[in-house]
Every structure is written in structure tokens, then in C-alpha cells.
1. Working from Cα positions, state the angle (0 to 90°, nearest 10) between the long axis of helix 37-49 and the longest principal axis of the chain.
2. Which loop chymotrypsin sites (Phe, Trp or Tyr not before Pro) in segment 7-109, with loop taken from DSSP, have no more than 10 other Cβ atoms within 10 angstrom of their Cβ?
3. Percent of accessible area on the chain owned by carbon and sulfur, 1.4 Å probe?
4. State whether segment 335-416 is rounded, prolate or oblate according to the following rule on the C-alpha gyration tensor (a ≥ b ≥ c being the square roots of its eigenvalues): a/c under 1.5 gives rounded; otherwise a/b larger than b/c gives prolate, and the remaining case gives oblate.
5. Taking the Cα centre of each part, how many Å lie between segment 229-279 and segment 76-130?
6. Past the 25 Å Cα-Cα mark, which pairs from Lys192/Lys607; Lys390/Lys524; Lys26/Lys346; Lys483/Lys532; Lys485/Lys668; Lys350/Lys416?
7. State the percent of C-alpha pairs, over all pairs in segment 146-251, separated by a distance greater than 23 angstrom.
8. Quick one: which residues, 5 or more positions from Asn423 or on another chain, have an amide H under 5 Å from its amide H? H modelled 1.01 Å from N in the peptide plane, none for Pro or chain starts.
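The values are calculated or read from the model by the stated rules, or taken from the named source; none is laboratory data. Computed from a predicted model, the values in this text were never measured in an experiment. Positions of Cβ are generated from backbone atoms using ideal geometry, with glycine treated the same way; all protein chains shown enter the neighbour counts. Side chains are part of the model used for accessible areas, which takes the heavy atoms of the whole protein and leaves out ligands, DNA and RNA. Shrake-Rupley method; radii C 1.70, N 1.55, O 1.52, S 1.80 Å.
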Amino acid sequence: MSVTHYDIKPSLTPNAMKVLERRYLKRDINGKVIETPELLFRRVAHNIAQAELFYNPAADIELWEGEFYKLMASLDFLPNSPTLMNAGRELQQLSACFVLPVDDSMESIFEAIKHTALIHKTGGGTGFSFSRLRPKNDVVMSTRGISSGPVSFMTVFDAATDAIKQGGTRRGANMGILRIDHPDILEFIHAKSEEKRLNNFNISVAITDEFMKALAKDEEYPLVNPRNGEVVKRLRARQVFDEIAHLAWKNGEPGVIFIDRINEYNPTPELGRIEATNPCGEQPLLPYESCNLGSINLSHMVRFNGKGYEIDFEKLSKTVKISIRFLDNVIDMNRYPLRQIEEITKGNRKIGLGVMGFADMLLLLGIPFDSFDAIRTAEEVMGFISNLSKEASQELAEERGPFPNWKRSIYYGKMKLRNATTNTIAPTGTISIIAGCSSGIEPLFALVYVRNVMDNTELMEINPIFEHVLKERGLWRDELIEKIKREGRIRHMKELPEDMRRVFVTAHEISYEWHIRIQAAFQKYTDNAVSKTINFPKSATKEDIARAYLLAYELGCKGITVYRDGSRDEQVLSIPKGKGSESMSQISSSKPRPRPPIIKGSTRKMKTGCGNLYVTINEDEDGRPFEVFNQMGKAGGCAASQSEAIGRLVSLALRCGIDPELIIKQLKGISCHLAVWQDGGRVLSCADAIAKALEWYIYPEAASKGGNGRKREEIDVEFVPVRGACPECGGQLEYTEGCLLCRLCGYTECP
């Protein structure tokens, strides 16, 4: 490697260092980190450069190792996480995601489960179509029994994933897909309506063009038994579409993929139809194919021209060409978990070069995310990347030969390509943190991030571009930053210049139409698909969700994932009179009141992410809450002990005369990493469940108003997005690109 390339040292943020140390850098047998970021990039560059020898025994390995190191160490490009984690190490499994076939037999189902276990063990995620399985209650000829149906078998896959994901640096994730014309489609749509079910799955409905035509005409469409091809029933398309929209409105799932459109762009139709995608939906794959992805940091693809920033197409061109070569080399250096996967992956040599840092690029260019200028920029940048990617793939084909299945592809007789596909817009959750840029093509989630540390102090992280502009314009004031931290957005802040308020927009200020239009702009020049979260406020209706699906279909998207924010009760505008509320604040004592020999109360069952929590609230002789006992179902461990501890402290506070309102305020809204739904409201943690149970007890007339305790009109109309707290560092989890992500430590969970 040349001295010039060695001289490049990665410029990493503290969060990037934390992510690398926790998840990527090598450790010794005692768990001590023994690798620096520079050594990581050298390890990966050296390993991936070895593929050059497969095609030219006299290849200048040091030259390509240097180019690949520079590509990564400059943070201009990063490959997907398994490549960073495993290249040059014993595992050497470099692919992020796989699709496995599930045929209509017990042998195929459990073979798929075995293969899933092998893939998840190496850090990969898996996608499945369950559309070939016969429907529930259909006949099983070999046993004269009846089938349990696709959803039932999905729970077996889910349980297997649960067992395997307990270890390793990446959690196993699945995508489950069912065609819209499968007889069990309604059960599938509702499969995740109950919490604690299929928590290791994202689910998507594969929507056909036939269904969309029936929907447009408000007609019925057929449900077809995949076992024999017979039409078993007809449903009104509008009814099914409304059910999808309603469930997606409720909890974000199911997503949808437009399966016929995906196959319209299938580069190898002779090899079969595409039935499924990887867990986040951006990579449609044939059975046993794997995806091999990497992303260019667009925030580095701009230059200052003396007046302002402009896109640096010269640098982008060089970056694309080296990235394509890097990704093609990964295919050869990969150690595949299954022979079938190696055969078809090397046969088609699909790669997916995408982008991250698009929102940062727009900020530097002074372009609002929700504008036609942003759409034009997206098309210009991705069109350029697409054209250069194909050129680079053609050059590799001349040097190394086209992909082996080229003669069975849509490109035969047109152009020789080394890779059946070249572009994908993938989730970049942790690698964007390493690169110090915004995720994928998502807008900014927040301008200010806040992390709570052990002593209850807060550490703030501010978007560096926003910070620079504030200081450059002389606008930096501590009270302003506090206000932005508190309110999360600036578009309404008149004390800031209008152009800043227009440009520095966050995800929750952008209407779903602009989210979808940006996704469609990138999809136009992406031969695989696009990972993008379409954000909705809590006030959105299921009709808004339905309109989003229709717009995505109309604009040429291959799929869509929506997320409607939950809300946190932040301020009580008025307090309804309930049991014991009049004299509650008049009781004050430094010591708890003695417990009477006989006391009465009631128990409420609360659903939490750790299981059912039974909250018993006893009252004194005046009908005031006196003590609280918590029982965590049959569970033990931390959840049960912490719930018991909270109950004892709440009881102590109540017996000392503390106003229950103050107790509720302290506990309500505390988040853990797995929130659940109960009675139309969201339970964020065990502490939150106890607060809600106490609130329901005090205000019984409000208990029937939808699970949020007080009447809706008595809750502050302003919502705060809640996705829970990171289980590793306590930071806020954001839902982005189909996954939960903590930008402070890199924790990710898909789903």
C-alpha cells in the first residue's frame, strides 16, 4: 500500500468510535478491543483486494488494497456491516441478507428453518414468501389431516430466530411475505396486531397489478389455493385494502410490495419469478440469492466553489467506479453459508451500490427536503450513479467476463454486464453513524439528540451542519439550543431566519407525499429497490395511509413502509374529578401511614413488552390509593424484580401522602426498547404500565376513552415521537428504513 493511502486517518465522531468498539473491532478472548478503526479498514481492504488474483495472477494487490482502504478510511464509501465485521476474519461471511424458498411440504418448511439458523448465526437476515403454502384448514393428503396455514408456520420461524439471536453482533431479522390472493391473506394482515407475536418479522403483502385494477374499479378479486390453483373465494378489493391500511395505521405493519412491478424489472426471468425481499424490503431476490451492498456518503460528494456548495461529480464518478469493483470482489471473497446460495449468487453476481447522507447533501446545497429541487437533485444524483455503475460493470465484464447467467438475462444481446443488478438504496443505520452522516435517503430525524447518562444528566449532540450554520451566522445561544432540544423542530421559530427554517426540516415536519416523491425519484434510477420510511404524525388517519399506498404505486415505487408516530402525554390541561381527588394534595407526612388490618382494592392486567403485568391497587378507608403491588405473570428476573421495587416505592409515596398525580407524572412516558398496544393506547414500559393503571384507577370514567387514561380533549395536542429507549445506552430509538436505530451507540433491531 502506498504511503499516500497510509497517511489517510479516519476522522470519526465519538459516536462512531463507540459503534465501532461495540460492534465491529476485533477483540481478544477476554473481550478486550485489539483493533483500531484504521486497522479495521486495512483488514477489510487487504482481504477484498485478494479477489484480484482470481482474474489476474500478476495483479497489483497493493494498488487495489490502497484504493479500497482510501475509499473506506475517507468515509466516502462503506460496505454493509457483515463485510466490515467479518472480512479477513475466521467467519468471512460478507452478505447482509438472503432469501430462502418455502415450498408446500413439511420437509421444505423445516429445511428452510435449518437454513435460517445457519444464516442468522453468521449475522445475516432472511426473507421468505409463504405464498406457496396451502391455506389454513386445507386438506393434507398424506395424513388426511388439515393444514395449519402460513401464519402458523411463521411462528415456528420466529421462535427459531428468537433462540439464535441471543448471541452475536447482529440480531437475526426476517421478512415474511404473502400474496394478496392467498386465501389466508386476512389472517396474515392481522398477524402482528397482537404484541409479542412475530416480533422477529417484518411482514409485507405482495400486491398484484390484478388486485390494483380491481381496487380501482371497486370490484372483487379471486383468492387462489396455491396447492391446486383453484379459486376458493372472492373478496372485495376495497375491503382488503382498507384492512391493510388500518393495520399499518395502527402499528406500521404490514408493509406492501408491488410484486408484479418487481418482476417487471427482474433481470433473470428465465431463472424464475422473484417472490420475496430481504428484511427491509430494498432487495428483491430469487430463492437462495444473497445481497451484497455498500453505500456512498453523499455528504462528501460536494465541494465549495467560493460562493456556495455544488455537487462534485468528478469525485462521485471515481467513487462509484472503485465501489463497484469493491462490491464485485466481495462476491468472490465471501464464504457462503449454503452451497445453493453460493451457486446462484455467483451466477447472477448482484450487487447494490446505494447512498447515505442525502439529507446532509441537501443541507449543504441549501435545498429543503420537501421541495421539487430536492426531487430534481435526487434524480440527478441517482441517475448519475446508475449510469456510472453500469459503465463500471461493463468494464469489469470486459476484464473478467459477464455474470454467468448473462445469456439467460434481459441484457443478453444488449450489453455485457458483470452484475445482474448494480444499485440498491439500503438501510444504513450503523454505517451512517460510522460515516458521520444522515441515514440513507431519510431526512434528519432530529437536529439535537439527547442522551441520558447514569447521573440523570443529559448529553447533547447537535447536527454538525446545523451547528456550523448557527455559529457562522452568529445565532448560537444556549437558550435557543434548549428550545430546539425541547421542541425538536425549528420551522415555527420566528427568531431564526426563514431560509434556515425552510432548509433544516426534520422527518416529522415533512408530509408523506414528499417522503414518497423522494423515494420514487431514487427508485427511478435504482434497479433493485429503495429502503425508506414514510413518516406520519399521530393525527394521520387510515385514509392517509391508503392514499400513501396509492401514490407510491402511481409513482413507480416497488414497495412502501409507513410509520405513524405514537404520542406521549406531556401536559394535563385540566384534571377530571375522580375517586379521592379532592383531598389528595392535603395529606402530607414525612412518615408513611400505618397499614390497616383489612384493605380493599382491585387488580388490572396490563400488557407490557416483558409480558402481562398485574397491577393491584389498594385503597384506604376514604377511597384513596394507599398501596400498589405488581406481579409480572410467570416471569422472574429483572422485569419482575424492578416492577416489585417500583410498587414498593409507589406504595411508600402514597402512604406518605404524595399526590398520585405527581407519581403518575414521574412514571408515565418512561420507555423501554419494546412498547406494546393495549386498548388502543401504547404501553411504553413496566413503569409506564403502572402509571397508566394508577391513572385508570383514579379516573375510572376516563378508562373507556381509548387506553390513554384521561379524555383525549384533556391531553396536550402536541405529540412527541416515541419509539422507546435504547436497551444498551438509554438513548432514543428512531424508526428508520424499516428498523429501530439508536444513533448514540449504534444499537439496531430489524424489526
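1. 40
2. For chymotrypsin sites (Phe, Trp or Tyr not before Pro) across segment 7-109 that sit outside H, G, I, E and B with at most 10 neighbouring Cβ atoms in 10 Å, the list is empty.
3. 51
4. The shape class here is prolate.
5. 23
6. Pairs exceeding 25 Å: Lys26/Lys346; Lys483/Lys532.
7. Result: 35 percent of Cα pairs exceed 23 Å.
8. Distant-sequence amide H within range of Asn423: Leu353, Asp527, Asn528.
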